[in-house]
Amino acid sequence: MPMLVSHPEEVISLKRRFGQGAADIDKYIELDGYKAVQKAIAEGPEWILTTMKASGLRGRGGAGFPTGMKWSFVPKVSAKPKYVLVNGDESEPGTCKDHVIFLEDPHAVIEGTMIAGLAIGSKLGFIYLRGEYRYLLKIVEKAVADAYAKGYLGKNIFGNEGVDFDIITQTGAGAYEVGEESALMESLEGKRGVPRIKPPFPAVVGLYGGPTVINNAETIAACPHILLMGGEAYAKLGSERNGGTRLFGISGHVERPGVYELPMGYSLRKAIYDVAGGIKNGKRLKAVVPGGSSCPVLTADEIDVGLDFDQMAKAGTMLGSGGIVVLDETVSIVEFALRVISFYQHESCGWCIPCREGTDWIKKTLARVYAGGGTKKDIDNVQYLADNMMGRTFCPLGDAAAMPTLGFVKKFRKEFEDYIDGNRAGTPVMTTEHDLVGAH
Amino acid sequence: MATIANSMFTAETAARFDSLATIYPVKRSALVPMLLYAQDELGYVSEAAIQEIAQRLDLFDLDVRNVLSYYSMLRTKPAGKYNVQVCTNISCMLRGGYEILDHCKQKLGIGHKQVTPDGKFSLEEVECIGACCWAPAMQVNYDFHDDLTTIKVDAILQDYAEGRGKDVR
């Protein structure tokens, strides 16, 4: 069971019901639960949209798109039903925040889904969890059933004539690619999880061809808090154009790994050294993967940066999913880069050729380098392949594989060259005999 | 046809399938969950299961197979009663995931995607399971086991071997 952590530097908004048994509906209600959605019903869709826009909330799945704006793209009138889709297919390596939300505060996800539905005029929401999260699915299923039993879901919710909202829970069955919004819709329609080409965007043509709002589970769970505290107040918790707080999962070589709630714009250095207790066993920091494995790596002297979407972009990387993975001096970047690309090669759905072939060739080349048979030309080839994947695929998986690869070979080129020359940095932990990195 | 006579599944699963086929705006949406629940009951998705699910959702067997082959958790051959899935992705890797995997291989005497001769255990090296902050981690069937050490793994495997292990369905 995930261990809950806390630190005095945290700014608590989304986590305020954690550790208090809020998966129980009565406890949730006692802790101001389902007040926000009743306020939303009373105030109406325009008020919800205005509040959400003022909050500065940006998508917590990784893309950082402003949530209020996303919702406002949904046409007011639609011949086809509109849908709300909650993406709980959390699969980005380094990311386990939604795991804790579903465990500790499932009703916040349900309430947020209802709020999104009210904002766009939808009567049906789906909460999609990755297949591995079966025990969490059961928790969410129970929460949904309890909400129905209280009359909070179904017809005439909270006794409001003509206000209906239903929620269906859904499970995946193992596929990183399904975390991409259009692939998730395919999966939910009972198909292989391959991406759709955009435009049209989901807000216009989404699930079953209807206008669809799709948001990450953390984004959705933040909504009730925003409506209760007010958009401006929420925005003020964060940094410029990056409203509020978010859950950062700090993992890897730190003393106190865990999911911490920090204000947007918080210093990455402080997150590692203060909040997570610094580098494990007094070792030296070597690098940081700041927002899930698809984000370009930062070196030890690049961590004086604020954790928000804009500052991270300026630093040449991404805030991503908020999964901060910390690497100490014992890590071989060659090995780490091979492990990262092996994941993307495994998860590429094969729909777009640059991604399917690019991930495979980069993996094969890095595996050869790692096994000791590399040449310096291999480094150029890896860079060439990654460059040619960028922006050439339907969905961002191709970019997600290329970007970290480029980061490793550009920032640690010397380490790759030395490795090829036989001077290997770090202590290896795997071999190419292991199945996911090997040429199987 | 939403409900079918003479289902191969237990009454509970058949009832769940009857319901799944009706709750979605388009019933094919029930396909992925049905495949997973079928596998939970049978240990894998058998030919007969494919045929029944196709019949329930008005699909061709081929449509079902096409979807089945996409998802990494779904399999067409039996796994062990307890499928041990060790994560070796980055956060686990940095905290000893490979050591845990190699230890499981040695302890169970099997490799990736293999099953012990008594059918009790199978082993898989898996990609990120979303337990990064409690790494290294593994799942036995659907249950998470976090902050692993080789000693902890021994105790966990012992529990399952003796039928005491947690097994959420």
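The values are calculated or read from the model by the stated rules, or taken from the named source; none is laboratory data. Because the structure is a prediction, the values reported are computed rather than measured. All Cβ positions, glycine included, derive from the backbone under ideal geometry; neighbour counts span all protein chains shown.
In table form, for the structure just shown:
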read-out	value
Residue satisfying all of: in segment B:138-169; within 9 Å of another protein chain (Cβ to nearest Cβ) and touching a residue at least 40 places away in the same chain (Cβ under 8 Å); surrounded by the fewest Cβ atoms within 10 Å (Cβ to Cβ) among these	B:Arg169
Conditions (1) within 14 Å of chain B (Cβ to nearest Cβ); (2) among the aromatic types (Phe, Trp, Tyr); (3) within 27 Å of the chain's Cα centre (by Cα); number of the one not met by A:Tyr370	(3)
Residues located in segment A:77-114, provided they are aliphatic (A, V, I, L, M), under 20 Å from A:Val259 (Cα atoms) and away from every other protein chain (no Cβ under 13 Å)	A:Ala108, A:Val109
Residue, farthest from the other protein chains (Cβ to nearest Cβ), within segment A:125-146, restricted to residues that are touching a residue at least 40 places away in the same chain (Cβ under 8 Å) and charged (D, E, K, R)	A:Asp146
Condition broken by A:Gly117, with the remaining ones in (1) among the small types (Gly, Ala, Ser); (2) within 14 Å of chain B (Cβ to nearest Cβ); (3) part of a helix (DSSP H, G or I) satisfied	(2)
Pick from segment A:1-28, criterion more than 23 Å from A:Tyr152 (Cβ to Cβ) and among the charged types (D, E, K, R), ranking: surrounded by the most Cβ atoms within 10 Å (Cβ to Cβ)	A:Glu10
All positions within segment B:46-59 that are assigned to a loop (DSSP other than H, G, I, E, B) and under 13 Å from A:Gly190 (Cβ atoms)	B:Leu57, B:Asp58, B:Leu59
Residue in segment B:95-115 that is part of a strand (DSSP E or B) and within 30 Å of A:Asp328 (Cβ to Cβ) present	no
Among the candidates A:Leu14, A:Leu31, A:Leu57, residue that is over 22 Å from the mean Cα position of the chain (by Cα), away from chain B (no Cβ under 14 Å), at pLDDT 95 or above and closer than 23 Å to A:Ile167 by Cβ	A:Leu31
Condition check for B:Leu62: out of contact with any helix residue (DSSP H, G or I) (no Cβ under 8 Å at 6 or more places or on another chain), in a helix (DSSP H, G or I) and crowded, with 22+ Cβ neighbours inside 10 Å	no
Selection within segment A:292-315 - more than 14 Å from chain B (Cβ to nearest Cβ) and part of a strand (DSSP E or B)	A:Leu298, A:Thr299, A:Gly306, A:Leu307
Residue satisfying all of: in segment B:18-43; over 21 Å from the mean Cα position of the chain (by Cα) and of a type outside the set (Val, Ile, Thr); farthest from the other protein chains (Cβ to nearest Cβ) among these	B:Asp18
Criterion: under 15 Å from the mean Cα position of the chain (by Cα) and either surrounded by fewer than 24 Cβ atoms within 10 Å (Cβ to Cβ) or in contact (Cβ under 8 Å) with a residue 24 or more places away in the chain (or both) - qualifying residue of A:Glu261, A:Glu240	A:Glu261
Criterion violated by B:Gln55 - all others in (1) more than 11 Å from every other protein chain (Cβ to nearest Cβ); (2) in contact with a helix residue (DSSP H, G or I) (Cβ under 8 Å, 6 or more places away or on another chain) satisfied	(2)
Filtered residues of segment A:394-435 (kept if acidic (Asp, Glu) and out of contact with any strand residue (DSSP E or B) (no Cβ under 8 Å at 6 or more places or on another chain))	A:Asp399, A:Glu415, A:Glu417, A:Asp418, A:Asp421, A:Glu433
Flag if A:Ile379 is within 30 Å of A:Asn281 (Cβ to Cβ), of a type in the set (A, V, I, L, M) and modelled with pLDDT of 95 or more	no
Filter result for A:Val213 (touching a Lys or Arg at 6+ places or on another chain (Cβ under 7 Å), surrounded by 24 or more Cβ atoms within 10 Å (Cβ to Cβ), in a strand (DSSP E or B) and away from chain B (no Cβ under 12 Å))	yes
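Conditions tested, residue by residue: (1) in contact with a helix residue (DSSP H, G or I) (Cβ under 7 Å, 6 or more places away or on another chain); (2) aliphatic (A, V, I, L, M); (3) more than 30 Å from A:Val326 (Cβ to Cβ).
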{"position": "B:Lys77", "(1), (2), (3)": "no, no, yes"}
{"position": "B:Asn89", "(1), (2), (3)": "yes, no, no"}
{"position": "B:Lys107", "(1), (2), (3)": "yes, no, no"}
{"position": "B:Lys113", "(1), (2), (3)": "no, no, yes"}
{"position": "B:Gln139", "(1), (2), (3)": "no, no, no"}
{"position": "B:Ile151", "(1), (2), (3)": "no, yes, no"}
{"position": "B:Arg169", "(1), (2), (3)": "yes, no, yes"}
